[in-house]
Amino acid sequence: MDSVRPPKRRRGRPPANTAVISREAVLAAGLRVLERDGLDALTMRKVAEELGVQAASLYWHVRDKDELLDLLADELLAGADLRSLVDPADWRAGAAAILREMRRHLLARRDSARLLAGRFSAGPNRLRSMEAVLGVLRSAGLGPHDTAYACYFLMVTVIGFVANEQAPLSAQVRNGMPAREFLDGLRDRLAGLPAEEYPHTVALAAEVTGPDLARRFDFAVDRMLDGIETLRGERG
């Protein structure tokens, strides 16, 4: 646990003998620790060590670890230019492109989905991402209520899907077993179950354990957009 945990961000200027750092430097260091060591290992102490300062120095820039995580969650979305993918002439193509780019962007950043899940920080990068999704849904002709609910549904689905992709499949995979080797073994175990008790699992063992996550994501995207298409028809 972090040894220094002031209740509020400090005000004014740091003492003269305190190393000069900026909030931007704190966030950059936090991202480096996150990428190198993972979310579970991210502490104020480690971020301070990354900067070569004492942990107390960070509290001139962030109130506590929760605020740091809020800011890092927004930083993780930097560079995701989703608004450029909106196609006014084809809302469905634009929506599919946005969702696939969100997945690609998050997969490239360690533990990004875990950090974003359940965390709604109104930082500029998160707002730009939400604006893109809201815009493409409004271009589909949805009303305010349906647009807001569909936006939430689409974004949390992408985050949840990526969270599953980024998590280790099992303790064996976490400890170094290749994922494909684990899935092959799981397929064989499922196929060997008593067919009278698990007829569907046995019959679909290969499909259940297939590695085609990109195709599974495309399936999810298509089915979600089918639902929005149906909603458009009902509201129209």
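The values are calculated or read from the model by the stated rules, or taken from the named source; none is laboratory data. Given the structure is predicted, the values throughout are model-derived calculations rather than measurements. As a convention, Cβ positions derive from the backbone with ideal geometry for all residues, glycine included, and neighbour counts pool all protein chains shown.
So here's what we get for this one:
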{"quantity": "Residue in the stretch 168-180 that is under 28 Å from ILE98 (Cα atoms) and free of Cβ contacts under 8 Å to residues at least 12 places away in the same chain present", "calculated": "yes"}
{"quantity": "Selected residue (only one of GLY160, GLY185 is closer than 21 Å to HIS105 by Cβ, assigned to a helix (DSSP H, G or I) and small (Gly, Ala, Ser))", "calculated": "GLY160"}
{"quantity": "Residue in the stretch 128-139 that is without any contact (Cβ under 8 Å) to a residue 40 or more places away in the chain, basic (Lys, Arg) and not in a loop (DSSP other than H, G, I, E, B) present", "calculated": "yes"}
{"quantity": "Check on ALA93, within 20 Å of ASP226 (Cβ to Cβ) and touching an Asp or Glu at 6+ places or on another chain (Cβ under 7 Å)", "calculated": "yes"}
{"quantity": "The stretch 197-209 residues that are assigned to a loop (DSSP other than H, G, I, E, B) and among the aromatic types (Phe, Trp, Tyr), paired with ones that are surrounded by 13 or more Cβ atoms within 10 Å (Cβ to Cβ) and modelled with pLDDT under 95 (beta carbon under 7 Å, 6 or more apart)", "calculated": "none"}
{"quantity": "Given (1) of a type in the set (Ser, Thr, Tyr); (2) touching a Pro at 6+ places or on another chain (Cβ under 6 Å); (3) assigned to a loop (DSSP other than H, G, I, E, B), index of the condition SER121 fails", "calculated": "(2)"}
